[in-house]
1. Here are some residues: A:I197, A:I208. Which one is modelled with pLDDT of 95 or more and under 23 Å from A:E236 (Cβ atoms)?
2. Kindly indicate the residue of region A:311-347 that is at the interface with chain B (Cβ under 8 Å from one of its Cβ atoms) and aliphatic (A, V, I, L, M) and also nearest to the chain's Cα centre (by Cα) among those meeting that condition.
3. Anything in region B:262-294 that is outside any strand (DSSP E or B) and buried (at least 19 other Cβ atoms within 10 Å of the Cβ)? List them, or say none.
4. Which of the following residues is open to solvent by 20 Å² or more (accessible area, probe 1.4 Å), among the hydrophobic types (A, V, I, L, M, F, W, C), in contact with a Ser or Thr (Cβ under 6 Å, 6 or more places away or on another chain) and away from chain B (no Cβ under 14 Å): A:V463, A:V489, A:V394, A:V390?
5. Could you tell me which of the residues A:S159, A:S187, A:S153 is hydroxyl-bearing (S, T, Y), closer than 30 Å to A:A422 by Cβ and part of a loop (DSSP other than H, G, I, E, B)?
6. With respect to B:L251, is the statement that it is surrounded by 14 or more Cβ atoms within 10 Å (Cβ to Cβ) and either modelled with pLDDT under 90 or over 30 Å from B:W356 (Cα atoms) (or both) true?
7. Go through (1) surrounded by fewer than 16 Cβ atoms within 10 Å (Cβ to Cβ); (2) in contact with a Gly (Cβ under 7 Å, 6 or more places away or on another chain); (3) farther than 30 Å from B:P270 by Cα for B:E183 and report which single condition fails.
8. Restricting the first residue to region A:319-339 and requiring it to be without any contact (Cβ under 8 Å) to a residue 24 or more places away in the chain, which pairs with a second residue that is among the basic types (K, R) meet a Cβ separation below 8 Å and a spacing of at least six or different chains?
Amino acid sequence: MKLLLNLRKRKKFKLSEMLDSFSNEEPDKLISSDLSANERFLRDIFHQCSDVVFRVVPINDKTRLLFVYIDGLCDTKPLDEMVLCPVRASEKKCEVFIFEEFVANQLRAVAQIKSTKNVNELINGILTANVAVLVEGETTALLADLKGFEKRSIEEPSSETVIRGPRDGFTETLRVNTSLIRRRIRSSRLKIESFTIGKLSKTDVAIIYIENIASDSVIEKVRKRLESIEIDGVIETGFIEEFVEDFPFSPFPQVQNTERPDIVCGSLLEGKVSILVDNTPFVLIVPMTFWSGLQAAEDYYERFIYVTFIRWIRYTLFNISLLLPSIYVAVTTFHPQLIPTNLLISIASAREDVPFPVLFEAFMMELMFEALREAGIRLPKSIGSAVSIVGALVIGEAAVQAGIISAPMVIVVAATGIASFAIPRYNFGTAYRILRFPILILAGLFGLYGVILGMIAILIHLVHLQSFGVPYLSPIAPQNPKYLKDVLVRAPRWSMHRRPIRVAGQDKTRIPKGRWRKN
Amino acid sequence: MIKRLKICLILLVCMFLTTGCWDEREINDRAIILGWGFDQNEEGDYIGSAQIVVPGEVGERSSGQGKGYIVETATGKSLLDVTQNLQRKLSREVFLSHQKVIVIGERLARNGISNILDVYSREPELPIRTNFFVLKNGEAFDFLEVPYKMEDMPSTAALKMFQSTAGPESTTFKDFLEGASSEGISPTVPILEIINSKKEKEKDTETFRLGGRAIFNQDLELVGFLSYRESVDRLWIINKLNTHKLTTNLLGEEGNVGIMGMNFKSKIQPIIQNDQVEFHITLSGTGVVRENNTALDLKQPKNLQIIERTFNKNLQDHMISTITKVQKEYKTDILGFGQSIHKKYPRKWKIWKKDWSKKFSDADITVKVDINIERTGVTGSPLHLKESEIQK
């Protein structure tokens, strides 16, 4: 009675507050033996939740069964087939005391069964797609794991496409995602630890690592940081990322994300730890280094000579994406001595009609470019092409024809744009997109001196940066010459004997030395 | 933490405020000067003339009407004074860093150019590696006005002409200053001449060409000119001649032979006897016959020897006449003979260096030329000759 009174009072509260108060005040509330009381209680809890189904099935005069589940999350077909049909068939013979056991046994054949006496556990079970089975007169409830909700099928990830390499990508379902990883690393050393994060969302989060290969300190850090998260809901891995990263105010991402299981597995084999979150195809990988921001999955599938070449192009391009507009502004306004005479005359003649200072021109064009890019992402595909046509016409042709923008500036901005697309990790490229602007201002105010100061500032910041205890620039700074095989070049696979230093745990050897040549 | 931030902020502000001069200027606010001319008027003031790019008249956006440059002049007591006065005529700031050539009028050169040199090594905006010419028989201003069809800017044309003919020798201000400051050799500067490309004396047909070299004495006054051919002799003696095409008439034959000379070497041996110096100059080189207008069959070694002998003789004669001209007429050692004494007889040099030009002009000189013809080209005798006409 006391319980019911309490409930009456709470009815006024919102569901969230109710759940809060449950978990805080009465953690040990038990299930009563009165089925009607239980039903009332649960209906109170789930009041106004139209998707929660209460099915009361009378078996005989004395006995009734209560199924509680969330419509759409559970597959109730096996429930009907395995429990209700046989129960109906043998209804008369059944005795109350063995009934629970009978149901449990029937269900066990098709699903994981958990029994609980605790109300909180029961509610959590219902919310996490279990079917709760309560029996008249019993204080134990059964939770059958009959998950059966709609899933997206495995598709090629659109954010990271490859020419050569596996085409499967993660989906929104955590279990599908873990299976994709497990299929690639069939070892008992592949550990998947589960967490539940989010007071309301109760999102399943898993950390995956390979025992001994991943460093214990990193795993411990990941665990601790995940456990300390207090948040109402986790919708995407970004929520987790911002909680676990080391330097939240840095423009550089310290956590890598990917949609590709092959990238995750490659990282796991290097000794990294990945964090999977239910309901999103994006998976986090820690620790991240500067260099992994410039590596693409295909770097490991194509032959190493080509990859080394591509990497150098990429390094060049990403410097261009950061510096080209600034250098153009600095050189034309401060140091025209540095430009070859003929080029200087061409630039001067192209700029003759332009009414704006170079700095302003550069700023305007960069902003326009960012605007085009942003507009292109958000718009529906059918309108997207219209944006690019308008952009190309307005910026590329009309602005130059009208003499508002000089042609060299269009070339500079276009080259910068193309260069920035060559950075394989999207979130890494954004850091450079942002940093381009302060350096541009420095270049406009102080010339190359300003550019150099900006670069020094970025470098100091990068050297200072760490991701889960791993220096961001390792193995270049702190330098470790033996481990440079996957940084400036991509050495042939058979020569990469070791896992990356500072990332990997005890087991540092990937390939035994010298073996590959024997046959 | 706050303290650290404060220190960082102060350091940051220092970094930006203690940078020295702030020279931000848009390209279109600069008057890009490509060629610079120096003259002197009767009062002794310097006249600077500048060939300035007009960006609106060059490139794709131009209407094709203008020349692409203008020439402006100003007078002053020094280069700085001249630029200061020039600036008053220009809407854009004078920008001297892209000067391609500096041309010095003959009158200024004869009066001496030592008063205008320092600024080129001191003023940061002026490039010390600008090439540097003397205009024979004229004012530098006239040169800058001469149009040149092949290049957008006539100044560039002068520079390219020089680069395509002079081989490895560069004559930038830096080289000139080196030559002026070193002992035992006097500096020389290439010459530009304004000529008429056609016979009619019209302004349109005026163009310019590269001449020989202007000779400066140790006081940096112009004393005379070497013709183009004589300046090649000079290059050979100072060991800077790379390749050169040589042609000579053969004695007793009709027609001439042309060779492509290369691997030119020279050796200057000073010999001092009774306080009198004598120079033995040994010049060597190899050649490939590129042209044979005689009836000689070059497959015969004896015919080759005839050619070699003729070449040696002719080159030797020319060399002696060049050296004598330098010695007797100009009395200026531009051939580095003093340096060879400095190397071989350092003590003697200390005594002699004061009146070296006199000693130099009194010195006896013997020249030995040794051209070695290595190849004769594809055929022995000219192909158009009949068998009977060929001299075996």
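The values are calculated or read from the model by the stated rules, or taken from the named source; none is laboratory data. Computed from a predicted model, the values in this text were never measured in an experiment. Virtual Cβ from ideal backbone geometry, glycine too; neighbours counted across all protein chains shown. What goes into the accessible areas is simple: the full protein's heavy atoms, side chains included, and nothing from ligands, DNA or RNA. Shrake-Rupley method; radii C 1.70, N 1.55, O 1.52, S 1.80 Å.
1. Only one candidate qualifies: A:I208.
2. In this case the residue turns out to be A:I347.
3. Of everything in region B:262-294, just one residue is outside any strand (DSSP E or B) and buried (at least 19 other Cβ atoms within 10 Å of the Cβ), namely B:T294.
4. Among A:V463, A:V489, A:V394, A:V390, only A:V489 is open to solvent by 20 Å² or more (accessible area, probe 1.4 Å), among the hydrophobic types (A, V, I, L, M, F, W, C), in contact with a Ser or Thr (Cβ under 6 Å, 6 or more places away or on another chain) and away from chain B (no Cβ under 14 Å).
5. Sole residue among the options that is hydroxyl-bearing (S, T, Y), closer than 30 Å to A:A422 by Cβ and part of a loop (DSSP other than H, G, I, E, B): A:S159.
6. Judged against the criteria, B:L251 is not a match.
7. Here B:E183 clears every test but (3).
8. What qualifies is A:P336/B:R30.
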